Each structure stands twice: as C-alpha cells, then as structure tokens.
Amino acid sequence: MHIRREFFRYVIPSMLAFALSGIYAIADGFFVGNALGDDALAAVNIAFPLTAFLQAVGTGIGMGGAIEYAIHAGSKHESRGKQYMGMSIVLLGGCSILFTILFLLAGPRILGVFGASGEILEYSSEYLRFVSYGAVFQIAGTGLVPFIRNMGGAVTAMAAMVTGFITNIVLDYLFVWVLPWGMMGAAIATAIGQAMTFLVCLVFFIVKKHAPSFLFGGEGRSLSSRILGVGLSPFGLTYSPNITLILLNKSAVIFGGTIAVTCYAPISYISSVVMLLMQGVSDGSQPLISLAYGEGKYHITKTVRNLAYRFAFGVAAICAVILFLLRGDAAYLFGTSETVAVRVAQILPIFIVGFVFVSVSRVTTAYFYAMGKNLWAYVLIYGEPLTLCVLLLILPNAMGSVDGTWISVPLSQIIAMLISVLLIRKNRIHEQQFADTDVLPQE
C-alpha cells in the first residue's frame, strides 16, 4: 500500500465534506444576519447546537457501524460487517423518529435553557421547528456518509456533502432573500440540503450494490451495543464544539449580556469550520487505521496516525495565520453592526490560539476509537467540555468580566492536548512490545 497516497485520497475529501457540514450553519447565519439583523444571527447561533446534535447522532451511529464494518472487512468477515450496516440503519431510523418528536415538543424550552429570550427566542424557536421536520435527513444523511468512506467512496462522500451544501446555499438565497421566508426559509433550506445528501448516499448503495443484512440471528442487542459503544466517541468528537457553544453562550449571557452572545456568533461559526477541518483529517484517516487494524498490520496504523498529526498541525497553523490577518473583517461577512465587528476582532485571536492544540487531541482521539480503544477516546472527548465547564465556573468570576469566558476555551484545549500526549505515551508501551511484529496490541 502506498500509505501517503492513500492517506490523502481519504483525508482531503473527508476534510472538504466536514468543512461543508459546518458551512451549513455559516450559510444560514450569513443570510438571516444580513436580512434580519443581529438578533436573527444570534438566534441561529443558539439554535445550532440542537440541529448539530442531529448530525452528531447520525455521525456517531454511522461511524460506529462503519468502523466495525471496516474492521470485519479487513479480517475477512464480510457477512458480519453487513449485519453491522443493517443494525446501523435500524438505529438511524429509530433516532430520527425519537428526536423529531422530542425537538418539536421541547425545543423552545431547551432554547430558553441555552439563554434565548425575547425576539432571539422567537427566531430560534421558528428555526428549530422547521429543521426538526427534516430531522430524518439530518440523521440518515450524516449516518450513511461514513459507510461510503469506509467502502472506498471518499470522493462520493464528499460529493454528497457538496450537493447538499450547494442546494442549501441556493435555497437560502431563494427562501430568505427573494421570497422572503426569514428564519423558516433558512431552516427549510437546511433540511432540503440534507435530503439531497441522503439521496446521493442512497444512489451510491444502489449502484454499488452494497446491501446491508437485517438478519441478526438473535444478536441484535449485541450489535447495537457495539455500534453505540464505538459511536459514542465520534458522536462526542462531532458534538463537543457545540457543547462549547452551549456553555459559552450561557456564560456570555451572564457576564456580557446579549451583545456578548452576538459577538460570539461569528466567532463560533468561523471556529466550527476549523474544528471540522481537524475532524476531517482525523476521520479521513480512520478507514485506513481500522482496516489495517483488522488486517493485523500495526505498523500501518502508527504511520497513518503520524501522517495525520503532521497534516492536521499544518492545516491548523495555516488557518490560524489567515484568520489572524483577516480578524478585522471577519464579522462583517454576517452583516453585523460595526460595534460587534470591532469586538469580534479583539476576541477572535483568543480562540485562534487553541487551533494547534486541537489538531493534536482530535487526531489522537480518532486514532484510539478507530482501533476500538473506546475508554481512552472517551477520556479525551468528554474531558475537554468537562474541563471547560470547570474553567467557566472559575475564570469569569475571578476576572470579573466576560474575558474569563473567552480565555477558558484555549485553556481547556491545551489541557486536552496534554492529556492526549500522556495517553499516547502510555500507549507507546504497547507499541514497543509489538514493534517488530504485525500482531496488534489490545486495549
């Protein structure tokens, strides 16, 4: 295997696909911000963690099933892999129904807990209601993409995301600016965009004749348990930026008021794309790591991981430099007032600092869950928002201003990076034991 060539063949499409999934929120924020003003921009920002939750559920289930599919394909147990695919589809369908009902019934109350009130609550509730009607496409579309990537269709997976993204942009323009339907139009555009992603995925499976198996032989519970156990890591990795979003919106409201929430909106949009690029690198390398792990080729898993470290660090550094140079103009893209734009230019460098640290922790996390080392992946994924929560309880009060809220983010990312280094050093003991063999160490 030409490892470097295969690495970029998987990683580049994965990066683009994940970046486009983040631009969905930026597109909605751009159109409603310019059409309806600062409150609408803040409303999309507050509602987005719930819409992103649907995508994270799909990604978690899809990645959990796809990792098991790849490992069993590598070990020549293809029938078992098809069972994992079938059970993943069952879980995706069940979660689609569950969360559609939940968000329609409890959405406004949850948004209130997140800090929405007044006109922002009205805007965000309207946006979430219409997004919920298309929840099945949000979950199923993102859930099928990992299987396509693990079946060697990285370019098709990217094409599915591109199709959805272009559809969303065109319909955002039509529904928000031309008709105009306001928040409802932005939400409908997002739902239809995800439906197009789902359609491309469906066509791939039909053309390639990759049929799942729904005959579980009484092992349905075991299969679903394994999928959810593995999927909890990619779910957390996908959703952790939105946990940050929720925590920071709440802290910003308390210590900085509505203006602080509005300032954080463009920063969160920009940061989310960079974070998704990092996840694109880590998840793009996952199929190669899982397949090599299933085949018992440990030296390849290590080589791919190191390539991912170097590439992710380079991408993070480039993004940090570009955003620092453009920090003065970043907020104007979303139609913000001059007051908000000036504050964003002052705050953005604080968030930029954390990008290079995220590049290390994201790759380490994916490396662990790609090989089924779920415990260490859990520590990294859920340790970061927990650390952030603790810091938000301390720093804003200690500093007496919202600056403590902003500083908490890069500090939590530095701590996550240090933990990932410690876990890699611990794992190196296992690596040294098997350095001269192709037998894989177990967790």
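Within region 33-45, identify whether any single residue is hydrophobic (A, V, I, L, M, F, W, C), open to solvent by 10 Å² or more (accessible area, probe 1.4 Å) and closer than 30 Å to VAL340 by Cβ, and answer yes or no. Yes, the conditions are met somewhere in region 33-45. Against the criterion of being part of a helix (DSSP H, G or I) and either crowded, with 24+ Cβ neighbours inside 10 Å or in contact with a strand residue (DSSP E or B) (Cβ under 7 Å, 6 or more places away or on another chain) (or both), ALA160 qualifies.
The single condition from (1) assigned to a helix (DSSP H, G or I); (2) touching a residue at least 12 places away in the same chain (Cβ under 8 Å) that LEU386 fails is (2). Can you find even one residue in region 50-64 that is assigned to a helix (DSSP H, G or I) and over 28 Å from ILE289 (Cα atoms)? Checked against the condition, which is being assigned to a helix (DSSP H, G or I) and over 28 Å from ILE289 (Cα atoms), region 50-64 yields at least one hit.
The C-beta contact set for region 169-183 (first residue of a type in the set (Lys, Arg), second residue open to solvent by 20 Å² or more (accessible area, probe 1.4 Å), distance under 7 angstrom, 6+ apart or interchain) is empty. Of all residues in region 205-226, those that are touching a residue at least 12 places away in the same chain (Cβ under 8 Å), surrounded by fewer than 20 Cβ atoms within 10 Å (Cβ to Cβ) and assigned to a helix (DSSP H, G or I) total 4.
Residue-by-condition table, conditions (1) surrounded by fewer than 18 Cβ atoms within 10 Å (Cβ to Cβ); (2) farther than 20 Å from VAL253 by Cα; (3) among the acidic types (Asp, Glu); (4) at pLDDT 90 or above:
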{"residue": "VAL360", "(1), (2), (3), (4)": "no, yes, no, yes"}
{"residue": "VAL363", "(1), (2), (3), (4)": "no, yes, no, yes"}
{"residue": "PHE368", "(1), (2), (3), (4)": "no, yes, no, yes"}
{"residue": "MET371", "(1), (2), (3), (4)": "no, yes, no, no"}
{"residue": "TRP376", "(1), (2), (3), (4)": "no, yes, no, no"}
{"residue": "LEU386", "(1), (2), (3), (4)": "yes, no, no, yes"}
{"residue": "VAL390", "(1), (2), (3), (4)": "yes, no, no, yes"}
{"residue": "ILE394", "(1), (2), (3), (4)": "yes, no, no, yes"}
{"residue": "ALA398", "(1), (2), (3), (4)": "yes, no, no, yes"}
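Scanning region 336-355 for residues that are open to solvent by 30 Å² or more (accessible area, probe 1.4 Å) and either touching a residue at least 12 places away in the same chain (Cβ under 8 Å) or touching a Pro at 6+ places or on another chain (Cβ under 7 Å) (or both) yields SER337, THR339, ARG343, PRO349, ILE350, VAL353. Of ALA195, ALA292, all but one fail to be within 26 Å of SER14 (Cβ to Cβ), in a helix (DSSP H, G or I) and modelled with pLDDT of 90 or more; the exception is ALA195. With the structure loaded, tell me whether ARG80 is under 19 Å from GLY284 (Cα atoms), part of a helix (DSSP H, G or I) and free of Cβ contacts under 8 Å to residues at least 60 places away in the same chain or whether it fails that test. Considered against the rule, which asks whether it is under 19 Å from GLY284 (Cα atoms), part of a helix (DSSP H, G or I) and free of Cβ contacts under 8 Å to residues at least 60 places away in the same chain, ARG80 comes out as no.
Would a scan of region 144-156 turn up a residue that is in contact with a helix residue (DSSP H, G or I) (Cβ under 9 Å, 6 or more places away or on another chain), under 17 Å from ILE26 (Cβ atoms) and open to solvent by 30 Å² or more (accessible area, probe 1.4 Å)? No: region 144-156 contains no residue that is in contact with a helix residue (DSSP H, G or I) (Cβ under 9 Å, 6 or more places away or on another chain), under 17 Å from ILE26 (Cβ atoms) and open to solvent by 30 Å² or more (accessible area, probe 1.4 Å).
Residues satisfying the criterion are absent from region 368-376 (criterion: over 18 Å from SER282 (Cα atoms), in a helix (DSSP H, G or I) and either in contact with a helix residue (DSSP H, G or I) (Cβ under 8 Å, 6 or more places away or on another chain) or among the polar types (S, T, N, Q) (or both)). One residue alone among VAL340, VAL358, VAL344, VAL321 is part of a helix (DSSP H, G or I) and within 12 Å of LEU277 (Cβ to Cβ), and that residue is VAL358. All of (1) at pLDDT below 95; (2) under 18 Å from SER224 (Cα atoms); (3) open to solvent by 10 Å² or more (accessible area, probe 1.4 Å) hold for ILE97 with one exception: (1). Taking region 173-184 as the range and being buried (at least 24 other Cβ atoms within 10 Å of the Cβ) and touching an Asp or Glu at 6+ places or on another chain (Cβ under 7 Å) as the test, only MET183 passes.
The values are calculated or read from the model by the stated rules, or taken from the named source; none is laboratory data. This structure is a prediction, so every number in the text was calculated from the model and none was measured. For neighbour counting, all protein chains shown are included, and Cβ atoms are generated from backbone atoms with ideal geometry for every residue, glycine included. What goes into the accessible areas is simple: the full protein's heavy atoms, side chains included, and nothing from ligands, DNA or RNA. Shrake-Rupley method; radii C 1.70, N 1.55, O 1.52, S 1.80 Å.
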